[in-house]
Amino acid sequence: MHLITETDHVDDFLEATEIVDFYHPTIAARVAKIQDLANTLENQAAIAFEYTRDQVRHSFDADDLIVTITAPDVVSAGTGICFAKSHLLAALFRGLGIPTGFCYQRVMRRGTVESGFALHGLNAAYFPEFGWVRLDPRGNRPGIQSEFNLYQEHLAYPIHVDAGESDYPYVYRHPLPSVLASLYSSKNCRELFFQRPEILETPTWARHHQNPGEPAMTRPVDHQPDYPPTSKRAESFLLHGPFDL
């Protein structure tokens, strides 16, 4: 998929905001720890991704009621839905100097058309040697598997277009206002499950966008990655004690 970015200036995707607050001590400390654990930007990104995916519970999977929104709140609570986890990954990546935006998909709520639809949130990050790459820190469980892969997308959900699902190519600088509205207005995650936005309209900046965007993968698939496989990274983390950034 060719991604369409809100702006062609990658530095615009490095901004600290109330939601993506990488200056907050909670986030800054984890960014510093990640930098201590790895020397290359790709390895640092892999650690940040796996921390967000694996160490922060997905609220729906864990049946957590608390609604988290900002990156520091996600870390403090240790839980968040896909939107919140994408806010955290963006904060960690931007703190590491990796331009990062927000992407969305329209998926079936419970895997059937009858269950209705909701937006799913993930990230796109820019690496000079790879271009824009989408990464999904949702959290794995049986039937859902996402991986850190800069060479080929390995996202959480296959998109069933015939069933009404959509894979949107847009990369936003900030979380969607409709997404934030659903998070702020929901009393708990059970309410949030049904309050999530169901569809994304084509943004004005994309309608007039002359540049089709950079491909999600710009390196040949058969080029072997220089970051270690997940098991090796996990082994490295264990040498430093429990993996708790």
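With θ set to phi - 60° and the Karplus curve 6.51 cos²θ - 1.76 cosθ + 1.60, what are the ³J(HN,Hα) couplings of segment 191-204 in order, to the nearest whole Hz, using x for Gly and Pro?
6, 4, 3, 9, 8, 4, x, 9, 8, 10, 7, 4, x, 4
What dipole magnitude, in Debye to the nearest 20, does the chain give about its Cα centre under +1 on Lys/Arg Cβ and -1 on Asp/Glu Cβ? Write out the running numbers ahead of the final one.
Details: 20 positive and 31 negative charges, 97 e Å.
Roughly 460 debye, rounded to the nearest 20.
Under a crude label model (7 Å from the Cα following the beta-carbon direction), how far is Trp205 from Ala16 in nanometres?
2.2
How would you classify segment 23-72 from its alpha-carbon gyration tensor, with a ≥ b ≥ c the square roots of the eigenvalues: rounded for a/c under 1.5, else prolate if a/b is greater than b/c, otherwise oblate?
Oblate is the answer for segment 23-72, as a/c is 1.5 or above yet b/c matches or exceeds a/b.
Got a sec? Charge dipole of the chain, +1 on Cβ for Lys and Arg, -1 for Asp and Glu; which of Ile4, Phe102, Ser86 is way out at the positive end?
Ser86
Run through the DSSP bridge list for the chain and note the antiparallel percent, rounded to the nearest 5. Walk me through the numbers before you get to the answer.
Values: 19 of 23 bridges.
So the antiparallel bridges in the chain amount to around 85 percent.
If you place +1 on the Cβ of every Lys and Arg and -1 on the Cβ of every Asp and Glu, how big does the dipole about the Cα centre of segment 89-173 come out, in debye to the nearest 20?
Using Cβ point charges on Lys, Arg, Asp and Glu, segment 89-173 gives about 340 debye.
Spin-label point model (7 Å from Cα, Cβ direction): what's the Ser76 to Asp36 distance in nm?
A separation of 2.3 nm, rounded to one decimal place.
Pick out which of His87, His58, His208 has the largest mean-square fluctuation in a Gaussian network model of the chain, springs linking Cα atoms closer than 10 Å.
His208
Since every read-out is calculated from the coordinates, none of them should be taken as a lab result. All values reported here derive from a predicted model rather than from experimental measurement. Glycine gets a Cβ as well: all are built from the backbone with ideal geometry, and neighbour counts include every protein chain shown.
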